[in-house]
Amino acid sequence: MPHARLVIALMGPTASGKSNCALALARHLPIEIISVDSAQVYRGMDIGTAKPSPDEQRAVTHHLIDCVEPTEAYSAARFVLDADKAIDAICARGHVPVLAGGTMLYFKALREGLSSLPAADPAVRAELESEARHIGWPALHARLQSIDPTTAARLDPNDAQRIQRALEICLLSGEPMSQLIARTRPVAPRRDHWLQMALVPSDRAALHARIAARFDRMLAHGLVAELAALRERHVLNADLPAMRSVGYRQAWLHLEGAIDRAELRERGIHATRQLAKRQLTWLRSTTETTDFDCLSKTLEVQVVDKVLRHIDFVGSTG
């Protein structure tokens, strides 16, 4: 291994095979995996987040899984702090950190830094949530469109969490969120060797089929029962960030009697497809990545080969 630290990033939409590729790398290199997933940080949310199984976690050390209770919030800023600590510890052990996940904002924050956005204001959030109960999040999305069209263009009209945050920032700062983010100060390169790989589909319909099969497995393995158990253990509400996660949001409506199981499935698959669409949009704007077809039967072999060749190249030039 070269003396300079190597950090591997495996990025891609949901159901693209990131976890399997990371586990494949573990068969060839002394790696530890850092989850880049805004939902896997929550304890007890295992099925709906496709969290690595206990056997997989025993086989390879995983980080940033089961960090907080579902009653708590977890931010990009906290992720950067936690991921930096994990990277330092992994490298100190002589291992290679592999960042694997689909929360693109976390990847961006870790590499490029965070803009100076105002902290959350409970009073403003409560006001926005009250308004949303009366007129709906699509109406608030339309309001965001009028004051920050750049941010609104990348958000789904029903993405309550992000619409709320964007409007909150506008109200607290007096400026559109997109303008504040644009003023983010560049940071120095974080690592000498940062290898980014993006797993993208050559056929969007085939990815959609994978997403549907994945959601069906979650339902079969007890997603609804998992959420019901969480509601018994914790004082939860539908507006918590954890409960807004794809799958759990729809399962919550089902437990409340608002939708039947068939509609739960339909809405869950649709929401996951929309998530994948947003993830792919982020990936298209990400630079310095090597793309792989996530539908390829030899995907894991290709990823391993790329990493090993990269290490050989860096070693020969370093």
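What is the residue count in region 138-163 for residues that are of a type in the set (A, V, I, L, M) and either touching a strand residue (DSSP E or B) at 6+ places or on another chain (Cβ under 9 Å) or free of Cβ contacts under 8 Å to residues at least 24 places away in the same chain (or both)?
Qualifying residue count, region 138-163: 5.
Here's the yes/no breakdown for (1) at pLDDT below 95; (2) surrounded by 15 or more Cβ atoms within 10 Å (Cβ to Cβ); (3) touching a Cys at 6+ places or on another chain (Cβ under 7 Å); (4) closer than 30 Å to P97 by Cα:
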position: R183; (1), (2), (3), (4): yes, no, no, yes
position: S202; (1), (2), (3), (4): no, no, no, yes
position: V224; (1), (2), (3), (4): no, yes, no, no
position: L240; (1), (2), (3), (4): yes, yes, no, no
position: W252; (1), (2), (3), (4): no, yes, no, no
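Return yes when A212 is in contact (Cβ under 8 Å) with a residue 12 or more places away in the chain and either part of a strand (DSSP E or B) or farther than 30 Å from R43 by Cα (or both) and no when it is not.
Answer is no for this residue.
Would you check which residues across region 52-71 are surrounded by 12 or more Cβ atoms within 10 Å (Cβ to Cβ), among the charged types (D, E, K, R) and free of Cβ contacts under 8 Å to residues at least 40 places away in the same chain and list them?
E56, D66
For region 281-298, name all the residues that are buried (at least 19 other Cβ atoms within 10 Å of the Cβ) and at pLDDT 95 or above.
F292, C294
Please go through region 6-42 and pick out each residue that is in a loop (DSSP other than H, G, I, E, B) and either crowded, with 18+ Cβ neighbours inside 10 Å or not assigned by TED's automatic domain parsing to the domain that holds I87 (or both).
G12, P13, T14, A15, S16, G17, D37, S38, A39, Q40, V41
Within region 74-97, work out how many residues are part of a loop (DSSP other than H, G, I, E, B) and surrounded by 15 or more Cβ atoms within 10 Å (Cβ to Cβ).
The total comes to 3.
The rows are residues; the columns are (1) within 29 Å of L117 (Cβ to Cβ); (2) at pLDDT below 95.
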residue: I8; (1), (2): yes, no
residue: M11; (1), (2): yes, no
residue: S19; (1), (2): no, no
residue: A22; (1), (2): no, no
residue: A26; (1), (2): no, no
residue: D46; (1), (2): no, no
residue: L64; (1), (2): yes, no
residue: Y74; (1), (2): yes, yes
residue: F79; (1), (2): yes, yes
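Within region 191-200, is there a residue that is more than 18 Å from A9 (Cβ to Cβ) and under 24 Å from the mean Cα position of the chain (by Cα)?
no
If I filter region 113-137 down to residues being part of a loop (DSSP other than H, G, I, E, B) and without any contact (Cβ under 8 Å) to a residue 60 or more places away in the chain, which single residue comes out as surrounded by the fewest Cβ atoms within 10 Å (Cβ to Cβ)?
Per the criteria, the residue is A119.
Just give me the residues in region 43-57 being in a loop (DSSP other than H, G, I, E, B) and of a type in the set (D, E, K, R), in sequence order.
Passing the criteria: R43, D46, K51.
Would region 98-107 turn up any residue that is more than 30 Å from L167 (Cβ to Cβ), touching a residue at least 24 places away in the same chain (Cβ under 8 Å) and part of a helix (DSSP H, G or I)?
So far as region 98-107 goes, no, none of its residues is more than 30 Å from L167 (Cβ to Cβ), touching a residue at least 24 places away in the same chain (Cβ under 8 Å) and part of a helix (DSSP H, G or I).
The values are calculated or read from the model by the stated rules, or taken from the named source; none is laboratory data. Keep in mind it's a predicted model, so treat the numbers as computed, not measured. Positions of Cβ are generated from backbone atoms using ideal geometry, with glycine treated the same way; all protein chains shown enter the neighbour counts.
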